[in-house]
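See below for the structure under consideration.
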Amino acid sequence: MNDFDKASWDEHYRHPGHDHHGHGRPHPQLVAAASTLTPGSALDSGCGEGADALWLAEQGWRVTAVDISTTALARARTRPGADRVEWVEADLAAWAPDAAYDLVSSQFVHVPEGGYDSYYRALAGAVAPGGTLLVAGHGAGGHDHSGTAQPAFDPAAVISVLDPHGWEALASEEGDAVVLRALRLR
Ligand SMILES: C[S@@+](CC[C@H](N)C(=O)[O-])C[C@H]1O[C@@H](n2cnc3c(N)ncnc32)[C@H](O)[C@@H]1O
């Protein structure tokens with residue numbers, strides 16, 4: 001077993017309130033980005049207990065939320081408003097979205113070593129023309145759920161898989177998050 005497999009995440013979520021902030025609130029960088037957009041279809045990749053997905057649905061987005069953890073999704077499904085979200089249990093290392101979304105969000109998702117290129121390509125491929133890709137990760141000094149230090153999220157890793165003529169990308173630091181926001185031009 002490694003730190004990022006299904007069993008580890010299921011164990012992590014066995015007790016309530018283990019989403020990133022532990023308060024069931026959406027991430028501020030998601031709120032900031034989505035608040036500038038007209039609600040359409042959204043994909044929350046690695047949704048955990050679903051705070052972001054539920055918030056998006058409340059704002060009028062049609063949301064698909066994907067996670068590997070059965071326990072995280074089971075808890076998400078019991079939360080108020082959960083019936084407005086399509087919850088999908090899948091391994092992001094193997095799963096490819098079969099639709100294009102106006103917003104694709106990935107918040108603090110750790111991918112096994114070597115898997116980032118294909119993960120970011122799959123996310124980018126899921127964004128509709130004119131849509132937005134939002135990826136956030138920990139800045140320097142972040143830890144995973146087992147307390148192991150994690151390398152800072154590097155937006156350049158996402159940018160490197162994007163067609164430079166097809167996207168406008170902007171990286172920023174927002175609180176304790178490093179954020180990449182990219183607009184798909186075509
Ligand atoms: C640090 S949590 C972040 C959860 C949520 N996005 C948030 O920010 O609160 C990472 C999430 O990614 C999910 N995850 C990790 N590896 C995955 C994989 N291979 N496929 C699908 N989900 C995965 C975990 O189950 C967990 O819910």
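The values are calculated or read from the model by the stated rules, or taken from the named source; none is laboratory data. These numbers come from a predicted model, not from an experiment. A quick note on method: Cβ atoms are made from the backbone with ideal geometry, for glycine too, and the neighbour counts reach across all protein chains shown. Note: accessible area is taken over every heavy atom of the protein model, side chains too, but ligands, DNA and RNA are not part of it. Shrake-Rupley method; radii C 1.70, N 1.55, O 1.52, S 1.80 Å.
List the number of the failed condition for Ala96; all other conditions in (1) outside any loop (DSSP other than H, G, I, E, B); (2) within 15 Å of the ligand (Cβ to nearest atom); (3) open to solvent by 60 Å² or more (accessible area, probe 1.4 Å) hold.
If we test Ala96 against (1) outside any loop (DSSP other than H, G, I, E, B); (2) within 15 Å of the ligand (Cβ to nearest atom); (3) open to solvent by 60 Å² or more (accessible area, probe 1.4 Å), just (1) comes out false.
Which one of these is over 27 Å from Leu185 (Cα atoms) and at pLDDT 95 or above: Ala74, Ala100, Ala65?
Being over 27 Å from Leu185 (Cα atoms) and at pLDDT 95 or above holds for just one of Ala74, Ala100, Ala65, which is Ala74.
Out of the residues in region 48-87 that are among the small types (Gly, Ala, Ser) and either crowded, with 23+ Cβ neighbours inside 10 Å or touching a His at 6+ places or on another chain (Cβ under 6 Å) (or both), state the one that is nearest to Ala100 (Cα to Cα).
Ala65
Residue by residue through region 74-93, note down the ones that are in a strand (DSSP E or B) and among the aliphatic types (A, V, I, L, M).
Val85, Val88
Looking at (1) touching a helix residue (DSSP H, G or I) at 6+ places or on another chain (Cβ under 7 Å); (2) within 12 Å of the ligand (Cβ to nearest atom), which one does Val109 not meet, given that it meets all the others?
Status for Val109: all satisfied but (1).
Take Ala169 and tell me if it is surrounded by 13 or more Cβ atoms within 10 Å (Cβ to Cβ) and in a helix (DSSP H, G or I).
So Ala169 does not fit the description; no.
Check Asp91 against each of (1) more than 8 Å from the ligand (Cβ to nearest atom); (2) surrounded by fewer than 14 Cβ atoms within 10 Å (Cβ to Cβ) and name the one condition it does not meet.
(1)
Answer yes or no: is there a residue in region 152-160 that is among the acidic types (Asp, Glu), in a strand (DSSP E or B) and over 15 Å from Gly125 (Cβ atoms).
Scanning region 152-160, I find no residue that is among the acidic types (Asp, Glu), in a strand (DSSP E or B) and over 15 Å from Gly125 (Cβ atoms), so the answer is no.
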